[in-house]
Structures are given as structure tokens and as C-alpha cells.
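Since the structure comes first, as C-alpha cells, the remarks are kept for the end.
The values are calculated or read from the model by the stated rules, or taken from the named source; none is laboratory data. Everything quoted here is computed from the prediction, not taken from an experiment. All Cβ positions, even for glycine, are placed from backbone atoms using ideal geometry, and neighbour counts span all protein chains on display.
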Amino acid sequence: VSSTRARSNDPPLLILTSLASGEKHGYALLQDIEQFAGVVLGPGTLYGAIARLEERRLIEPVDESGRRRPYRLTAAGARELSDTLAELRMITDEGGRRLAARTSFAGGGA
Amino acid sequence: VSSRPSRRQRRRVTPGPSTLLALYPPAWRRRYGDELDALILDIQADGRDTGWRVRADLVRSAARERLRGGGDPSRRVRGGSSLVLWAWALFALGGAIVAKTSEHWQRTLPADSAASAAFSGLVVISVAVAAVITGGITVTLPAIWRLLRAGGWPRIRARVLCATALTVTVVAATAGLVAWAGRLSPAGRNGHDHLYVAAFLCWAALSATCLLAWTAVGARTATEIRCGRAVLRTHTCIAGMVAIAMAAMTAATLAWWTIVGNRAPGALTGGSALAHPSALVPQLMFAAALMVLATAIAAVGAIRAERAFTELSRFVTRG
């Protein structure tokens, strides 16, 4: 997740959001992301994003062994998610304000 | 949100997409391969589509990981720079073959300014690149010193000793070859004395092995040292510059080859008794292929280093 690429369909952001509700393994992550965001991530995309997030220590594996290894959010990951959501919220708030102003201007002019 | 397919729609579990895991880099596969394989099996077992979209996703992701390399970003910057170093060694071998095959070509085609310009450009860029690489090694010396003081010598000892032994052998062989050549006639030096030709080819192979051995020392040392951001930035810049220079030198070589090949093909082999009537001299074709391959490898290394350094900068900035 990067401040310059904070998009609601950004795989790292979706993974961090999913893990905010608890630890999950790969398939549980796919299902959860599909459910709350309507985004179907490919398995390669998912594990590419998991690898980046783990490198940046934003997530960590819960169990070091096993083929279906669950991941959880680290403290740094929670902070990253919080910062990114704040940025997105700022953009949506600003967008909402501008739309409202546009609507009232159009209404006043009619 | 897509709805889950019924049991009738579920497909039989087949190993198809999992075979694409072989496309990933070995290190990545060791870390995530089993998990990704398990995920693919889960997707298949749940009756979801694992058709061309999943396969394309795996191929694209594997290509991205290949381009990116593995491990932490600073290690990947050094890995990318090492790749460029290997590419430069291959390129130097190609360049040496071109230089030896076509030595004295100006005697056969003295008044051709376009060919001279291309050849001069080639020489100037190669000297500049050698200087830049020497600069890159120089800024790395403090990190190498720290590695040695921290007891890192055993980790690079075998390669350094091997390269040193090869260097001593090459120096001795060069002295012997020069003394031998001094007793031969020009014709004997240029292919008429078959024993000398065989000795020269052995010397060339030994020199190439020596160059590759020192490159292996550089690459091994690069994996062991710890560098600061300033040094990594310098390595990234140098990797990019060397890759661009190699592309320019490849273009200059091809331009020179085309010009000389059109006007006086015999000059491509220096106008010697072994002069080939065609521009398609086998040695030059091999050398050009080596240079193109090396340039492609250098481009991959430079892109890897650049991407890793960008990622490292973001990581450090965002803490």
C-alpha cells in the first residue's frame, strides 16, 4: 500500500483490510475480499501482494509450517492500514463536499 | 460478487495451473510455492474457475517476480547490479572477439569516416564504461573492508583464490605467448603456425575464464556486503548507465559491421589471409549474439536494481 497508489481495489489494501478482522490463509482471504469488495483476486496476484506485505513486515505468518499458512496483521500493518484509510477518507470527504457544492450551485441557478 | 457454482458445475481436480509454479524464481517458490499450490487446489476443490484467467494471472505474477528478484530490497539492488556486472563480462568477451577478428581493419578500409566514427564511438564508450565500473567498485571498497573486518573472508576466499591463481596463470601464459610470437613471422602469427593458433585459443579461453572468475568474486562479494543508501543509489545509477552504454555499443558494433561488410567484407577479418569473402563472419556473428544477449541481461539487471531501490526508498521514507 502506498500513499500514491491508495485505491480501494489495490490488492495490498484489500489484504490488510481483510486481515483487520482476524488471521486468514490464502483461500479465506480470497473469499473474504470477494465478499466485502466484490473483487476476485487471482492466486498469483494474491501471493505477490502477500510477499510484498510480508517483506515490509506489515503482515506475518501465524504458523511457520504447513501448506495453508494463515497470516495476521502486524502493528505496523495496522498503522499502515489506518493511514491509508485516512487518506482515502480525506479524498471521499473532499469529493463529497465538491459534489454537494456543485449540486447546490446547480440548484440555486435553476 | 460472483455467485458460487453448483456441485454439478464443479470441475474435477486437475494439477494444471500448479505446474505454472515452475515459472517462479526458485527462492520465491521455496517460500510461497506450497501455499500457492494449496490455494490453487482449494480454488479447484471449491469448483471455481481455474481456466485461462487464473493461468494468465500466474504467468504474469511469475514474470513480475522474475523481474523483481527476491528478498529484501537492498539485497535486490545488489543482485541487479551483479547481474549487470555478469552482463558486462559477457559483453567484454564479445567485444574482445570483435576486436581480435577485425584487428587492423583500418588498413584495408582507411578512408571510411562512417565506419571509423562507429568504431571510435565503440572504443570511447567502452573506456567510459570501464571507468564507471571502476568508480562503482571504488565506492564499494569501504563496505568490502567492513565485510573483511567482520570475518567475512572465508565466505569469499575460495573464489578470490581461484581468480588469483587464474590471473597468475594468464600472466605467465601471456609472457610465454608474447615470447613465442616474437620468434614467428607475421604469417605464422596470423594462422599459418597451427601450434601457435592452438596455444592462442587456449590462452583466450584461459583469459575468458579468468575474467568470469573475477566477475564471480564481484557477484559473491555483492551478496555478502552491507551498503548504505548512498552506495546503493550509486550502484543503481551505474547499472542503468552501463545497460544504456551496452545498448549503444551494440548498436555501434552492428553499424560498423554493416558499413564495413557492405564496402569491404575482407576488412572484417583484418584483411588477413583468412579473410572471409562474406560479411557474415562466424566469429562476428557469435560475438554479436553474445553482445545482444549481454545487453538484454544488463537491461533486466538495471530494471531490477532500479525497482528495488525505488521500493527501498519508499520503505525507508514510510518507516
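Tabulated results
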| quantity | calculated |
| --- | --- |
| Criterion violated by residue A:12 - all others in (1) more than 8 Å from chain B (Cβ to nearest Cβ); (2) assigned to a loop (DSSP other than H, G, I, E, B); (3) not basic (Lys, Arg) satisfied | (2) |
| Residues of region B:69-84 classified as at the interface with chain A (Cβ under 9 Å from one of its Cβ atoms) and either basic (Lys, Arg) or outside any helix (DSSP H, G or I) (or both), total | 3 |
| Qualifying residue in region B:74-83 (condition: closer than 26 Å to residue B:206 by Cα and among the aliphatic types (A, V, I, L, M)) | yes |
| Check on residue B:205, closer than 30 Å to residue B:247 by Cα and surrounded by fewer than 14 Cβ atoms within 10 Å (Cβ to Cβ) | yes |
| Residues (of a type outside the set (Val, Ile, Thr) and buried (at least 18 other Cβ atoms within 10 Å of the Cβ)) located in region A:12-22 | A:12, A:13, A:14, A:16, A:18, A:19 |
| Selected residue [among the small types (Gly, Ala, Ser), surrounded by 15 or more Cβ atoms within 10 Å (Cβ to Cβ) and over 30 Å from residue B:252 (Cβ atoms)] from B:219, B:173 | B:173 |
| Matching residues, region B:24-49, being buried (at least 17 other Cβ atoms within 10 Å of the Cβ), of a type in the set (A, V, I, L, M, F, W, C) and more than 8 Å from chain A (Cβ to nearest Cβ) | B:41 |
| Flag for residue B:150 being under 26 Å from residue B:238 (Cα atoms) and small (Gly, Ala, Ser) | no |
| Matching option when the condition is β-branched (Val, Ile, Thr) and over 24 Å from residue B:163 (Cα atoms), among B:209, B:215, B:236 | B:236 |
| Candidate set from region B:50-61 (those that are in contact (Cβ under 8 Å) with a residue 12 or more places away in the chain and more than 7 Å from every other protein chain (Cβ to nearest Cβ)); member that is farthest from the chain's Cα centre (by Cα) | B:50 |
| Residues satisfying the stated conditions in region B:59-77, i.e. at pLDDT 85 or above and either hydroxyl-bearing (Ser, Thr, Tyr) or touching a Cys at 6+ places or on another chain (Cβ under 7 Å) (or both) | B:61 |
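Conditions (1) surrounded by fewer than 17 Cβ atoms within 10 Å (Cβ to Cβ); (2) basic (Lys, Arg), marked per residue:
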residue: A:44; (1), (2): no, no
residue: A:47; (1), (2): no, no
residue: A:53; (1), (2): no, no
residue: A:59; (1), (2): no, no
residue: A:68; (1), (2): yes, yes
residue: A:79; (1), (2): yes, yes
residue: A:84; (1), (2): no, no
residue: A:91; (1), (2): yes, no
residue: A:95; (1), (2): yes, no
